Amino acid sequence: MKVNLRESNPALESIFQDPNQIISLDASFLIPPDRESITNQRISFSTFRDIWLDPVFGSFPKLAVHEAVLAELSSPAVQSFAYAMLDASPPRLQIHRDSDLTEVEQMLRNTIENRIRPFTRYCPERGLLSDRGEVKSLSYIAAKGLLYFAVHDSLAIQLIENAEDWSTGLDNIRAIKMYEPVFYLYAEGRSERKGLRMLYKHQYHLTNREKQENPEWSKFIAAMEALYGTRA
């Protein structure tokens, strides 16, 4: 996935100003990245939790996940973490449930889902359930008028960024890409920098193509600081 350093993301600018906003999460923000087909290196859940999950949940008090995404968490370790966040007092994770939508919101949600589905691999009538979490999340978020979807999935990002051209109905949603909270945690001193560097490299600077498209860590940080200012 390509890192965009040409312009700032208004969503990240807003979150720097006020981290107490509702941010809906895709499963890709909760599951340790698996790129073992490319490298022998693997990020364990415990490492992922130390450098990513705990700092993210400690930085943003209004994180949420759609019930369909929660159902996708097949790893016992990830499931246990998510339910611990749900059961915390006060809860550190909210659930978006379609049953909570009003009748009008439900109609809007259905309309938006029907617009999104043709671009995805989600077709329950044919038993195709890939992309279900993204489709259900985006439809709910749009129906509720929520602003932010934190995601590493390229298809979900395209659905948001091409909303006008593709008529997806997601025009008011803003994608928060994984490298942006990585920079947030770095800038705010919320996580160990060596670990964040490792996570960035694993996600964005691993393959030959990624090394051609994306900057290495120090150049990434310098470019992000030029866009968002130096805070650390």
### Query
Mind checking the dipole of region 161-232: about its Cα centre, +1 per Lys or Arg Cβ, -1 per Asp or Glu Cβ, Debye to the nearest 20?
520 debye
### Task
Restricting things to alpha carbons, find the Rg to Rh ratio for region 43-147 using the Kirkwood radius for Rh.
1.01
#### Entry: Under 5 Å, built H, 5+ apart or other chain: amide partners of residue 148
24, 174
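Give, to the nearest whole percent, the P(r) tail of region 1-96 beyond 21 angstrom, counting all Cα pairs. Intermediate values should be presented prior to the final figure.
Working: 1839 of 4560 pairs.
Here the long-distance tail beyond 21 Å is 40 percent of all Cα pairs in region 1-96.
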### Query
Across region 173-180, in residue order, what do the Karplus-derived ³J(HN,Hα) couplings come to in whole Hz, using 6.51 cos²θ - 1.76 cosθ + 1.60 with θ = phi - 60° and x for Gly and Pro?
8, 10, 7, 10, 8, 4, 5, 6
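Can you pull the percent of the chain's accessible area that's carbon plus sulfur, 1.4 Å probe, other chains left in place?
Working: 5170 of 11520 Å².
C and S atoms contribute 45 percent here.
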### Summary
The set of residues whose placed amide H lies less than 5 Å from the amide H of residue 123, leaving out same-chain residues fewer than 5 positions away, is 128, 129, 130
### For q = 0.10 Å⁻¹, Debye-computed log10 I/I(0) when each Cα of the chain counts as one equal scatterer
-0.46
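Return the ratio Rg/(2.2 N^0.38 Å) for region 193-232, where Rg is computed over Cα atoms only. Provide the component values of the computation, followed by the final result.
Details: Rg = 10.7 Å, N = 40, 2.2 N^0.38 = 8.9 Å.
Dividing the Cα radius of gyration by 2.2 N^0.38 Å gives 1.19.
Rounded to two decimals, what is the ratio between the C-alpha radius of gyration of region 136-179 and 2.2 N^0.38 Å?
Details: Rg = 9.4 Å, N = 44, 2.2 N^0.38 = 9.3 Å.
Computed over Cα atoms of region 136-179, the ratio equals 1.02.
Output the Kirkwood hydrodynamic radius of region 95-183, Cα pairs only, in Å rounded to one decimal.
Details: mean 1/r = 0.0753 Å⁻¹.
With all distinct Cα pairs of region 95-183 included, I get 13.3 Å.
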### Dipole magnitude of the chain, debye to nearest 20 (Cβ charges: Lys/Arg +1, Asp/Glu -1, about Cα centre)
620 debye
### Message
Going by amide H atoms built from the backbone, whose H comes under 5 Å of the H on residue 94, apart from near neighbours?
### Response
63, 64, 65
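With only alpha-carbon atoms in the gyration tensor, what are the semi-axes of the equivalent ellipsoid for region 122-232, in Å, largest first? Write down the numbers at each step before the final one.
On the way: eigenvalues 180, 59, 35 Å².
Equivalent ellipsoid semi-axes, largest first: 30, 17, 13 Å.
Just the number please: accessible area per residue for the chain, 1.4 Å probe, all protein chains included, in Å². Could you put the intermediate results ahead of the total?
Numbers: 11520 Å² over 232 residues.
Accessible surface, normalised per residue, equals 50 Å².
In the structure displayed, which of 2/144; 2/62; 62/136; 62/177 lie more than 23 Å apart, Cα to Cα? Before the final figure, lay out each step's value.
Values: 2/144 29 Å; 2/62 27 Å; 62/136 19 Å; 62/177 17 Å.
Over 23 Å apart, Cα to Cα: 2/144; 2/62.
The values are calculated or read from the model by the stated rules, or taken from the named source; none is laboratory data. Only a predicted model underlies this, so the values are computations on that prediction, with no experimental measurement involved. Ideal geometry is used to build each Cβ from the backbone, glycine not excepted, and the neighbour counts take in all protein chains shown. Areas reflect the complete protein model, heavy atoms only, side chains present, ligands, DNA and RNA absent. Shrake-Rupley method; radii C 1.70, N 1.55, O 1.52, S 1.80 Å.
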